[in-house]
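The values are calculated or read from the model by the stated rules, or taken from the named source; none is laboratory data. Remember, predicted model here, so these are calculated numbers, not experimental data. FYI the Cβ positions are ideal-geometry reconstructions off the backbone, even for glycines, and counts take in every protein chain you see.
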């Protein structure tokens, strides 16, 4: 659905702006691509250290075991020098903050890592940045149409497409978080460790309000107090995820009894 919305926005730009629209589209895509390359190459410049086996054998071996079960290459694991509990993934890499090791036990940290492996396995580390840059493309083209096109229908159509993109993007991202949790439950020797990790991390969400990178798949929901929760949150709440995890575990147990 999202790609068709972007395609419609591109067609409107070409239809009403012709060669100028084509130049704008190509220039914007080129700029976003170069931005993506720059961000990717400079994302681990400070505060990150690559995990070595001898530092935490239990973590390295646990991630290797789950990656093998997921059918993906062993991810690069980085430890972030930050005592705010946080975790996210990009490319074939997982980032775990030092704060996680302060509030979670080993099994719970493996639960967090399993969620990130789920994102990698499901292709979210590619999809999430693409959707974020697709959002910027939609926003910029909409602004160009508003400025240069004086046709009410075109302007309203462009704005409508951007709103529709935002609604579908939020829905899609929430679904991917649930899917990453489902994948994690399959990978973990003890599925309840992910539920327990989420129950602990929910008490630290206010601390992470300034550090969340929304374009990257992570363990955290959209960080906001409950009274400020918006329907445009890109992550389901901890409670929603915990409920889904419990339902999935119980469902699997019931299916096993029928075999």
Within region 34-71, track down each residue that is within 17 Å of residue 90 (Cβ to Cβ), surrounded by 14 or more Cβ atoms within 10 Å (Cβ to Cβ) and in contact with a helix residue (DSSP H, G or I) (Cβ under 8 Å, 6 or more places away or on another chain). 36, 51, 63, 67, 70
Quick check on residue 213: is it modelled with pLDDT of 90 or more and closer than 28 Å to residue 126 by Cβ? no
Within region 148-166, considering residues that are over 21 Å from residue 19 (Cα atoms) and in contact (Cβ under 8 Å) with a residue 60 or more places away in the chain, the one nearest to the chain's Cα centre (by Cα): 166
Using the structure shown, decide if residue 202 is without any contact (Cβ under 8 Å) to a residue 40 or more places away in the chain, touching a helix residue (DSSP H, G or I) at 6+ places or on another chain (Cβ under 9 Å), within 21 Å of residue 112 (Cα to Cα) and surrounded by 15 or more Cβ atoms within 10 Å (Cβ to Cβ). yes
Considering only residues that are part of a helix (DSSP H, G or I) and without any contact (Cβ under 8 Å) to a residue 40 or more places away in the chain, look in region 108-147 and name the one that is nearest to residue 62 (Cα to Cα). 126
Condition (residue is under 19 Å from residue 191 (Cβ atoms) and loosely packed, with under 13 Cβ neighbours inside 10 Å) applied to region 120-129: is it met by at least one residue? no
Taking region 97-120, which residues are touching a strand residue (DSSP E or B) at 6+ places or on another chain (Cβ under 8 Å) and at pLDDT 95 or above? 109, 112, 113, 115, 116, 117, 119, 120
Please work out if residue 88 is more than 16 Å from residue 188 (Cβ to Cβ) and part of a strand (DSSP E or B). yes
Given (1) outside any helix (DSSP H, G or I); (2) surrounded by 18 or more Cβ atoms within 10 Å (Cβ to Cβ), index of the condition residue 25 fails: (1)
On the given criteria, is residue 39 within 18 Å of the chain's Cα centre (by Cα), part of a strand (DSSP E or B) and free of Cβ contacts under 8 Å to residues at least 60 places away in the same chain? no
